[in-house]
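Input: a single structure, listed below in structure tokens.
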Amino acid sequence: MIETSIMNFIETRLTVAARRQQVISANIANVDTPGYRAQEVTFEKQLARLALTNTATGHISMGSDASFVRTIDAGTEVKPNGNSVDLDHELTEMTTNGLEYLTLMQFLQSKLRTIRSSIMDGGS
Amino acid sequence: MSLLNAIDINATGMKAQRQRVEVATSNLANARTTRTVEGGPYRRQDVVFRAKSFAGTLAAARGGWAPRGVEVVAVVDDPTPFLESYEPGHPDADGEGYVSYPNVNVMKEMANLANASRSYQANLSAMSVIKTMIQRTLDIAR
């Protein structure tokens with residue numbers, strides 16, 4: 001029971017991290033595109049605001065695809081050609097996000113090993 | 001898997017920046033070209049970037065969000081005037097002894113080249129990060 005909710009949690013976080021990488025990739029590819037506005041994944045902010053709607057224990061629905069991608073409010077940081085991508089910010093976000101993804105993978109791997117060994121030992 | 005899609009996005013970024021570099025180096029190489037095949041001095045060129053949707057993605061078909069890549073939609077001439085220089089002895093001088101030089105500012109072009117290089121590197125870094133993430137995911141299955 002506890003294992004399932006942890007696995008669901010990891011799965012959700014991994015889905016968010018993968019989506020975030022897509023958004024960052026799009027921002028980096030369009031760093032020089034006139035009129036392009038940088039986007040971001042606001043999962044954590046929305047999580048803090050929403051009451052958690054669980055379909056299964058610990059499982060958080062991603063909802064429709066678009067709901068977690070928002071345009072960054074650039075304020076005065078827009079370049080003369082209308083582009084608002086801050087390359088330094090994107091590269092930093094990508095590093096952080098990449099590390100989170102790899103950490104989750106590490107955690108998932110050790111969880112799977114525990115489950116696998118308990119299945120094997122259970123038969124002896 | 002959405003991560004593989006992200007690789008394609010940055011691949012378009014690399015291609016677009018490479019085209020920008022090609023145009024910038026052509027501008028630099030021809031900064032003093034007073035005579036071209038079409039007649040007249042070399043005219044500076046620019047690339048025009050535009051965000052590109054990947055029409056085939058499932059998310060786009062469902063009406064959801066999909067990441068966009070980039071493409072060069074045109075290579076356009078820079079309309080700023082040529083630089084006039086009084087050199088009556090020059091073979092390409094006009095009736096009044098003025099030679100028209102290309103509208104290329106070497107300093108600006110070098111800066112353009114440096115920016116294109118940085119953007120290209122950023123796309124390359126992204127692909128490297130994504131590759132590591134995918135490899136790690138495959139490791140789990142082993």
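Based on the convex hull around the alpha carbon atoms, the stretch A:81-124 presents an average projected area of 3.7 nm².
The mean number of partner chain beta-carbon atoms within 10 angstrom of a residue's beta-carbon across peptide B:3-11 is 5. Distance between the pseudo-spin-label points of residue A:95 and residue B:134 (7 Å out from Cα toward the beta carbon): 2.4 nm. For the peptides B:108-114, B:41-47, the ranking by mean Cβ contacts within 10 Å, running from highest to lowest, is B:41-47, B:108-114.
Counting, for every residue in A:10-22, the Cβ atoms of other protein chains within 10 Å of its Cβ and taking the mean gives 3. Across all C-alpha atoms in the protein assembly as shown, the radius of gyration and Dmax reach 25.5, 102 Å.
For chain B, the pair-distance distribution built from all alpha carbon pairs, in bins 5 Å wide starting at 0, is 2, 9, 14, 14, 13, 11, 9, 7, 6, 5, 4, 3, 2, 1, 0, 0 percent.
Across the stretch B:135-142, computed HN-Hα scalar couplings (Karplus, 6.51 cos²θ - 1.76 cosθ + 1.60, θ = phi - 60°) run 4, 5, 5, 5, 4, 4, 6, 6 Hz from first to last residue, x flagging Gly and Pro. Chains B and A together bury roughly 2700 Å² of accessible surface, counting both sides and using a 1.4 Å probe on protein heavy atoms. Helical content of the protein assembly as shown, expressed as a calculated mean residue ellipticity at 222 nm, amounts to -18500 deg cm²/dmol (DSSP H runs of 4 or more residues, -39,500 (n - 2.57) each, divided by residue number, nearest 500). Residues A:89, B:90, sorted by accessible area with the largest first, give A:89, B:90 [1.4 Å probe; ligands and nucleic acids excluded].
Peptide B:123-130 has a mean shielding of 5, counted as Cβ atoms of other protein chains within 10 Å of each residue's Cβ.
The values are calculated or read from the model by the stated rules, or taken from the named source; none is laboratory data. Computed from a prediction, not measured in an experiment: that's the story for all the values here. Here Cβ is always computed from backbone atoms with ideal geometry, including for glycine, and neighbour counts include all displayed protein chains. With ligands, DNA and RNA removed, areas are computed over all heavy atoms of the protein, side chains included. Shrake-Rupley method; radii C 1.70, N 1.55, O 1.52, S 1.80 Å.
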